[in-house]
Amino acid sequence: MQVNNERLYNDDLTSFPFIRSANIGGRLRSREFIVIHYTEGQSDTAAIEWLTIPKSQVSSHIVIARDGTIAQLVPFDTIAWHAGESYWKGMRYLNYYSIGIELDNAGRMTRNGNIWRASFKKDYPDGEVIEAIHKFDRKPYGWHNYPSEQIQAMIDLCKLLVTQYGIKEILGHDDIRPKAKWDPGPAFPMEYVRVQVFGPQGNAT
């Protein structure tokens, strides 16, 4: 995996799927952070369709499917509309300073009898969901799990982006918009990911 001209390529120089989003800004001011999101939808295909059409007014640089397949929607030097109004360590509007990664994941769920129901009314069995309390909440919910293939693909990509651009931190959407956003949620192994990407200190500083 490598980056050429702000696009993602395999080592044999074949490109990863690129589905250009209509929802972009100008050039990034800097690349300080990677921001992790969940799609809160039914599939990576549905997420890509939504993130690329003008009426959604949202986008991300990358979507990673549950089997680890990666698609790029926005070049890595271009602003994607994934963070919105956001704040971290004195910086506002992190769209200007970050690369956004969306993970195909149904997100937060509520109990419906013996199964869990997502916000889009699809039901999931216990085996695909963990029950946990979000760090910014007091009530337990169900949270869609993240397959190991998806997490490993994201780690590999983040390592590349850190090397390529000097990324300093990996953040959740919930870190930069606490109590307004809940992704990637407690099912996402954030500390494990940070250590895998940056080493024992968990960040680049």
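Coordinate-derived values only; no laboratory data. Bear in mind that the values here come from a model prediction, so they are computed numbers and not experimental data. When we count neighbours, we look across all protein chains shown, and the Cβ atoms used for this are built from the backbone with ideal geometry, even at glycine.
Values as computed for the structure displayed
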{"item": "Which numbered condition Cys158 fails, given (1) surrounded by fewer than 21 Cβ atoms within 10 Å (Cβ to Cβ); (2) in contact (Cβ under 8 Å) with a residue 12 or more places away in the chain", "result": "(1)"}
{"item": "Residues of the range 1-35 satisfying the condition of being surrounded by 13 or more Cβ atoms within 10 Å (Cβ to Cβ) and of a type in the set (A, V, I, L, M)", "result": "Met1, Val3, Leu8, Ile19, Ala22, Ile24, Leu28, Ile34, Val35"}
{"item": "Scan of the range 111-123 for residues that are free of Cβ contacts under 8 Å to residues at least 40 places away in the same chain and part of a strand (DSSP E or B), ordered by number", "result": "Arg111, Asn112, Ile115, Trp116, Arg117, Asp123"}
{"item": "Enumeration of residues in the range 52-70 that are crowded, with 22+ Cβ neighbours inside 10 Å and either free of Cβ contacts under 8 Å to residues at least 12 places away in the same chain or part of a strand (DSSP E or B) (or both)", "result": "Ile62, Val63, Ile64"}
{"item": "Whichever residue in the range 106-135 is polar (S, T, N, Q) and out of contact with any Asp or Glu (no Cβ under 7 Å at 6 or more places or on another chain) and, among such residues, is farthest from Ala47 (Cα to Cα)", "result": "Asn114"}
{"item": "Qualifying residue in the range 149-164 (condition: in contact with an Asp or Glu (Cβ under 6 Å, 6 or more places away or on another chain), of a type outside the set (Val, Ile, Thr) and assigned to a loop (DSSP other than H, G, I, E, B))", "result": "no"}
{"item": "Members of the range 124-148 that are part of a helix (DSSP H, G or I) and either among the aliphatic types (A, V, I, L, M) or under 21 Å from the mean Cα position of the chain (by Cα) (or both)", "result": "Glu128, Ser148"}
{"item": "Matching residues, the range 83-110, being surrounded by 14 or more Cβ atoms within 10 Å (Cβ to Cβ), in a strand (DSSP E or B) and not aliphatic (A, V, I, L, M)", "result": "Tyr87, Trp88, Ser98, Gly100, Glu102, Arg108"}
